[in-house]
Each structure stands twice: as C-alpha cells, then as structure tokens.
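Chemist: The structure under discussion is supplied below as structure tokens; questions concerning it will follow.
What follows draws every value from the coordinates through simple rules; no lab data is involved. Everything quoted here is computed from the prediction, not taken from an experiment. Cβ: placed from backbone, ideal geometry, glycine included. Neighbour counts: every protein chain shown.
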Amino acid sequence: MSIAKTYNPKETEDKWYAYWLEKKFFRSIPDGREPYTIVMPPPNVTGVLHMGHMLNNTIQDVLIRRARMQGKNACWVPGTDHASIATEAKVVAMLKERGINKSDITREEFLKYAWEWKEKYGGIILDQLRKLGASCDWDRTRFTMEPDLSDAVIDTFIHLYKKGYIYRGIRMINWDPQGKTAVSDEEVIRKEVNQKLYYIRYQVVDTNEERTTNNQQRWYITIATTRPETIMADTAVCINPNDERYQHLKGKKVLVPIINREIPIIEDEYVEMEFGTGCLKVTPAHDLNDYELGQKHKLEVVDILNDDGTLNEKAQILVGEDRFIARKKIAKMLEEAGQLEKVEDYKSQVGFSERTDAAIEPKLSMQWFCKMEHLAKPALDYVLSGEVKLIPDKFINSYRHWMEHVKDWNISRQLWWGQRIPAWYNENQDWVVAKTEEEAIVEFERLGKSTKGIYQEEDVLDTWFSSGLWPISVFDGFKEPNGADINYYYPTNDLVTAPEILFFWVARMMIAGHEFRGKAPFKNVYLTGIVRDKLGRKMSKSLGNSPDPIELMDQYGTDGVRVGMLLSSPAGNDLMFDVAYCEQGRNFANKIWNAFRLVKGWETVNKPATKAELKTVEWFESRFSEAVIEVEEHFAAYRLSDALMTIYKLIWDDFCSWYLELVKPAYQQPIAKDLLTFTIDFFEQVLALAHPFMPFITEELWHDELFGSRSALDCCIVAAYPKASKIDRELLNDFQVVQQVVSEIRNVRNTKQISPKETLPLAIKVNTDIAYENYLDSIRKLANISDVSFVLEQQVGTAAFIAGKDEFFVSIAQNIDVKAERERITNEITYLQGFLKSVNAKLSNERFVQNAKPEIVQNERNKQADALAKIKILEESLASL
C-alpha cells in the first residue's frame, strides 16, 4: 500500500473518529480493571467552542487516552449545563424576534420555547468537541435539567433544608437588572471604571437661630457621591462624631436635594473623616454598607429602583428613566438648582454581572439562602490535608481564604429556566418545603395551616446548585446511591477546569461530595490558565482577537492545533497563544509523516547490521526509555506541556535527526533486515507515545502495512502505552559526545565554508575511556570523515574542539587562521570561567550545600570538575598556537 506524499488531516480525522465510535473504544462499563474517570466541566448549552474549551478538553483527552492505553477502564463523561441566566436571555431574544414578549406568555409556554431552543442549539458544542477528537463516552452524555438530574437537585434542596442549612429571608443581594435576577457574590466581576464624583449640597433644615452672611456656608453640608441618581433613596446623612468640622450639625436634619424630603444627620465612626468631604449619604436600599448602617440606626429603607434598573414611583422624579440616564439628568437638575458644587473625575471598582455584564445593583430582596460555614469546612480540609490536590498549588491560599471567609450563598434566581424551588405557599403566605403539591398539602395540614390557594415558589435554583452535584448525579448516585456505576467510578480521578470557577463549582462539588458520599469527588484538580493573545490580552469576541477553533483545525489539522495549544500551556499559567504554535504543530505532524515515508521506502537485504548500527539501536533503546521516564515524571506532576515537549524532542531530534539518519542506507541501497525490524518497532513505540497528544496521525500510520496486518480492534487508541526498559547511562553519555563531535565538525565546515561533500580527516586525543571504535562509522557517515587517527599530542594547524573531555582535530586544506582560532579559544575560556564562577558561588554557599538534595549538589560538583578540565585543555590548545 502506497502512502500519500503529504499528510491530509481532513481525510484522516473523520474516518478514524467514526471508526473509534463504531468499535466502542470510548465506551466504559464497570469491570475488574482499575477505573480512571473524568467528568467534563459541562459547557453551557448556549456555548460554542472557544479557545478555553479547546485547551481544557484537549488536556482531558490527553489524560483519558493515556489512561486507556495504560489498561485502565477509562471513562470520560460529557454533558452540558442548562445555564439559567444565559439560556433564558437567549430564549427571550429568540421570542422577541418572533414578536413575543416573555411577560405576555405563561411559564409553561416559555419553558416549551426554551426546550425547543435547547434541542436545536444545545448540542452544538458537543458536536464540535468530536472534531477536537474528544474520546468521551457519548452514551453517558448528561444534561443538568434532564429528569433524573433535576430530581437530584430537588432532593438535595429538601435534604439541606431539613438539616437547617437552607433558609428564606430579606437580605441585601446582588441584583442583575438585565437578567432581572439575583446573582451570588462569586458571579460579580469587579472592574475599575472611570466615573465622576459629584459634590452635592444638602441644605440643613432652618432653625430660628440667626445666621449671618459670613456663616451661611455652615447651613448646607456637601457630600461626594458617584451615584446622584440614588439621592432620592437617602434616609440619613452620617458624620463622624469626632469630626470637629461638623460639631454644629449634631442632632439636626437636612433636605434631600431636588425632592426636599427631611432626613436626619446621624453620627457613626464608620465614616472616614479623610475621605471625600467626611460626610456620607446613607442609602440603605442601594448599598450593602449603608444597609448595615441603616439597620444599626433603625433608618427607613426606600427602594427607588425597579427590577430592570429604572426609577420607580418612590423616586418621585424621573419615574421610568433608566438609572444611568437618570444620573445625567439629575446632575443637570442639581446644577440648575445651585446644589452641585463641583464634579471630579474618579476611578473606582464597580461590580458587573458575570453573565450579562450589566452593572450590579445592591438590592434588598426576599431570597433563599444556604448556610455555608459548616458545609465549607470539610471541603477546605480536603485541600489542606492534600487529599485533593490543586495543581498548581499556588491556588491553595486563595481557596483557603475564600472558604474561611465564605458567606451564606444566595441560591434563588428570579428566572423560569431551571429547577424550580420546591417550596409551596398558601393564601396566607405561609410556606412549606415539599417535593410535590400533594406532599405540601400534607405538610400544611400537619402544621394546622390553610390548604387553600396553594402555589409553588416562582424562583429557580442557582445553576451552580445543580452543577455542584455533577460528579455524583452523572452516575445516578442520588437515584441509586448503591448502584454499580457510582460505586465503581466515584470518586473520579482528575478534574480539569479554569481557576475562575474554583469557588463557583469546584468547592461546591467538594461540599456535595462530602455531604452525600462522605468522600471528595476527585483526587486532583488541574487548573488551566487563561488563553491570551500574544499581546497578553484575554481572548474575546469583543476584541476580535480570538480565532475560531474549528477554522484553526481545518487549516492546521486537529493534531497540529492540539500540539500548538499544549506546547505553550503550563498548568495554572496563562497561555500566550499565537497561530504560529499551530503551524509548529502541523510541521511536527508532517515531520512524522515524512519520516514514515522514508522508512517505508527502504528495501531490505538479508545481512547483519554493522557494529555501529547496532550501537545506534542500543542507544535509541536507552534514549527512548529515558524519554518515557521523563514523560511519566511530567505527567505525575501534571506538566503536560513539558511531557509533550519531551516527546517532540525525542521524535524530531533523537529519532528523525539522529537515529534515522544513522541507520538510513546509502541512496538506492538496501538496509539490513534486522535493522529495519528494529526501526519499525521503534516507530510503533514512538507513535504509541505520541498518540494521546496526536490521536489522528498516529492512528492513521498505525494501520499501515509496514507494521504487518492488524485486526479490527488492534488500534493505536488501545495499544499498550510504552514502558521504560533498562537504560545504559554510559552509552547515553558516550553518544552525547558523538553527537557533539558531529555537530562541531559540521560547524567547522560552516565557518570555513567547506562543502559537506568534501571528506575531512579527523584526529582524536582520547582523555577518557570512550570506545570510539564503536562509533567511528557513525561519525564518518554523518560528518563525512575520510579517516580517523588517534594521537597523543595536540595537532598544530588544525581546527580543534573539545567534546566531553576528549580533544578533536580536523585537518583542512587551507591554513588555519591562527589569530581567529586564538580568539575563538579565548572566548570559550572566558565563557567557561564565567560559568565556573557561578558554580563556585553555589558550592561556597553553605545554605545551598546543606539544604539542596544531595544529587543536585553532586551535579554542581560535576559541572565544576567538567569546567576545570575543559579550561585546562583549552589553555593547552591556546599555548600550542
């Protein structure tokens, strides 16, 4: 079977993905093997594949493919999240296009449209993940609002309510005026915003006390605020009781500008005398700190905003105006009334909704809350004890800080799309928690309450309340707490997710895992970085700096994009993405393809391999094993980028540039049969090692006739993952010297402009015990050396260099430029002396010698001895010149 001249990913990818599905290689059912389980962070049903998904799911696929090849029962559970706020916004927009307002239809009608939207668009991202090569068990695909998972959410609410963790009450919450719902503290993104600081005059209520022209300024008080649109909700002005400037105002009242409502002046040390004017307007309905101050001083609460951020009747003016338009209009009204002293530019932190990007309004609202302090403790202990590892561990401190200062969680959302809270009200607004209306009636009767006019709570539960149950609910751990799946697959192994949802999601999964299974839901949490462009900006549609992943895969091949992403993505650190990485990945795939074509084109002859060729085979066996060990160490530390780089260098440099070049027969000459057999075996092992990162090209080549006939199930995806065999360290060190010799001779040719076709004689002054006779043929072949002699003295008039501790002399026809050679050797000595100085500094540092690992200290001593030996040899060479 011939092989195409160039690799064509488009022909390969769909073919092998369909084949893997057909042969059920992704399917997992419990058996006697060790399970290896990943649950996919469920993307929103509103989502389409972006670069963050690409990175996250490529990492998961690498981990699951490797585990599968290691003989584990690999199970990767996919699914999607119903994403209450985002999806409801999409459905509302869809209805508007059809001329339908949400307010004009019933909840049941709206949900019918929502499910219609979900069925049409909700699976797009999962289809795109197939293009990425994601080897999920698609038969296990779950959705957070499917009946069994919704039942688990409702049962969890009831369970936590009965244990006293869930309560209902009026609290100051974060209100999203665009989504028209409450959001939790974690869903508020703080941004620095350029604003205006308005200095507003509040007139002190007149008394009978005489005022003179000179002290009239004492009869108004100036207050600085960024939110003049809320002055109509002011219920007090606060001063610090220790502030000398305002002693005369104690016990007095002021008029709210424009509307002239009287409010008291109160005193509290909460006010910072140095900030602004040292006076504070107190607006309990629209600021959390003001609310707490209002509670302390028993102030009235006046809420002037509607749910959509417009002013209501309590504002008295500008009713129906949007809050930001009202801000501008009120500023103008204040100016016209002579009540605006000045306006300054001001920068401050403002909260924005993570979902809609609308500016958050603090709002007093009746909501459902979950007490978190007791629930959070075990989830913190899992991380602090090391039972759950955060990778990288730099996130442990922020996790601990959040968990130790956790606030009660606002779990209700004023939406229709989501799991409806299982609370029921009667005509008197009494309420009970129950799963069904029938159970609610029984509970009302038990309490001796009316059973008339019963209706269910309108609010739904926060999406994170349901996704927090994901690792349990996807295995039906609530429906069948002792089922085969949950007992086999739980706890899962690795979770791959983004740091920004460490508290949203990861912490809540640990809380649920402990509460319902008594175990953390996973062992390791691999936290990926943010994908940024090469200028360091976060990729986003609005900036136009985010490429379409599907287009990238079409252009560079899926394997090329996977390699490009992972070459530059250390755990927890942001990825500075450049399309050039994908090009590098594509070039790597082409390198493998071309190397395979080279080997496939060789004819064989029934003769034994030479001593040098066999040494090359032995060397690559050791080098391959060394690389496998490096790869395993990187995987153990979740350094996937480093693992890929080790494989990249093994294939590109060691296998292609050295091994294949050394065993390659002369043009149109055959290769020894046993040597080709070794080479084919090596190629097979190299493909298996690369498969988790590059699944498509490795599977394509795996089935070539060069490897013999394979059965339908003898595929790279389930091949045995390579293991290290014995490593000959001496051989590796010797070969490193040989490689250096070849490189130095090539360098001599470049600097002296000698053609690669011209043979050159080589003399070696051996200062070590390397048996060069094992490698002379290899040196001759790659460096085009005519003859080799061994000498006891340095050779004058030659191009000299050192490899390891041995000295090499290349005779060339032209005379050596003694001045240039002396300059070259002098520069090399200078470099080595600088290097030696830094090594000596380390070794003279007692703390380093005492605290560093013995092998690290020994490595520094080896460097010291090596540098000293090289300097001595170079100084002798310099003297001979």
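Chemist: By average Cβ neighbour count within 10 Å, what is the ranking of 696-707, 423-434, 165-176 from highest down? Don't skip to the answer; put the middle values down first.
Modeler: On the way: 696-707: 20.5, 423-434: 16.5, 165-176: 18.8.
Result, highest mean first: 696-707, 165-176, 423-434.
Chemist: Jot down the per residue volume, in cubic angstrom and as a whole number, of the convex hull over the alpha-carbon atoms of the range 181-361. Don't skip to the end; give the middle numbers.
Modeler: Numbers: hull volume 23.4 nm³, N = 181.
For the range 181-361, the hull spanned by Cα atoms encloses 129 Å³ per residue.
Chemist: Sort out for me the Cα centre separation of the range 574-616 from the range 644-688, rounded to whole Å.
Modeler: Spelled out, the Cα-based centre of one part sits 7 Å from the other.
Chemist: Only bridges whose two residues both fall in the chain count here: according to DSSP, what percent of them are antiparallel, nearest 5? If you can, show how the numbers build up before the last one.
Modeler: Values: 64 of 91 bridges.
Percent antiparallel among DSSP bridges in the chain is about 70.
Chemist: Something else about it: Can you pull out the GluC sites (Glu not before Pro) in the range 582-638 that DSSP calls coil and that have at most 12 other Cβ atoms within 10 Å? All intermediate terms of the calculation are to be shown ahead of the outcome.
Modeler: On the way: sites: E583, E603, E613, E618, E621, E626, E630, E632, E633; in loops: E603.
Sparse-neighbourhood loop GluC sites (Glu not before Pro): E603.
Chemist: In degrees between 0 and 90, to the nearest 10, how far off the longest principal axis of the chain does helix 818-843 point, with axes built from Cα atoms?
Modeler: In the chain, helix 818-843 runs at an angle near 50 degrees to the longest axis.
Chemist: Distance cut-off 20 Å, Cα to Cα: go down the list K72/K723; K15/K723; K649/K863 and report the pairs above it. Don't skip to the end; give the middle numbers.
Modeler: Numbers: K72/K723 15 Å; K15/K723 29 Å; K649/K863 24 Å.
Distance filter (> 20 Å) returns K15/K723; K649/K863.
Chemist: Right, something else. Multiplying the sequence separation of F707 and Q736 by 0.36 nm and subtracting their Cα-Cα distance, what value in nm do you get? Provide the component values of the computation, followed by the final result.
Modeler: Values: separation 29, 0.36 × 29 = 10.44 nm, distance 3.02 nm.
Full extension from F707 to Q736 adds 7.4 nm.
Chemist: Check the straight Cα-Cα distances from K781 and name the lysines below 18 Å, setting aside those fewer than 8 residues away within the same chain.
Modeler: By straight Cα distance, K781 reaches K611, K615, K664, K757.
Chemist: Next question, about the same structure. Among 253-266, 708-721, how do they line up by average Cβ neighbours within 10 Å per residue, starting with the highest?
Modeler: Packing order, densest peptide first, comes out as 253-266, 708-721.
Chemist: Taking each pair of distinct Cα atoms in the chain once, what is the resulting Kirkwood hydrodynamic radius in Å?
Modeler: Values: mean 1/r = 0.0301 Å⁻¹.
Evaluated on the chain, it is 33.3 Å.
Chemist: Within a 10 angstrom radius of the beta carbon, how do R142, R446, R537 rank from fewest other beta carbons to most? List each step's numbers first, then the result.
Modeler: Values: R142 20, R446 9, R537 12.
By the 10 Å Cβ count, ascending: R446, R537, R142.
Chemist: Ok, one more. Relative to the compact globular guide of 2.2 N^0.38 Å, what is the alpha carbon radius of gyration of the range 579-727, as a ratio? Please list the in-between numbers first.
Modeler: Values: Rg = 15.4 Å, N = 149, 2.2 N^0.38 = 14.7 Å.
Scaled against compact globular proteins, the figure is 1.05.
Chemist: Kindly provide the helix-only [θ] at 222 nm of the chain, computed as the sum of -39,500 (n - 2.57) over DSSP H runs of four or more divided by all residues, to the nearest 500 deg cm²/dmol? Let's see the in-between values first.
Modeler: Values: 27 runs with 358 residues, N = 881.
Per the formula, -13000 deg cm²/dmol.
Chemist: Can I get the semi-axes of the range 78-176's equivalent ellipsoid? Compute them from the C-alpha gyration tensor as square roots of 5 times the eigenvalues, in angstrom, largest first. Intermediate values should be presented prior to the final figure.
Modeler: Values: eigenvalues 151, 116, 33 Å².
Square roots of five times the eigenvalues give 27, 24, 13 Å.
Chemist: Show me the ranking of peptides 678-684, 316-322 by mean Cβ neighbours inside 10 Å, starting with the highest. Working shown, then result.
Modeler: On the way: 678-684: 19.3, 316-322: 15.3.
Ranked by mean Cβ neighbours within 10 Å, highest first: 678-684, 316-322.
Chemist: Still on this structure: How many angstrom lie between the C-alpha centres of the range 26-57 and the range 392-456?
Modeler: Rounded to whole Å, the Cα centres lie 30 Å apart.
Chemist: Using only Cα atoms, locate the centre of the range 106-142 and the centre of the range 305-361, then give the distance between them in Å, rounded to an integer.
Modeler: If you average the Cα positions of each part, the centres end up 40 Å apart.
Chemist: Can you give me the angle between helix 9-22 and the longest principal axis of the chain, using Cα atoms only, in degrees from 0 to 90, rounded to the nearest 10?
Modeler: Its long axis makes an angle of about 70 degrees.
Chemist: If you consider only alpha-carbon coordinates, what radius of gyration and Dmax does the range 21-133 have, in Å?
Modeler: For the range 21-133, the Cα radius of gyration and maximum Cα-Cα distance read 18.2, 58 Å.
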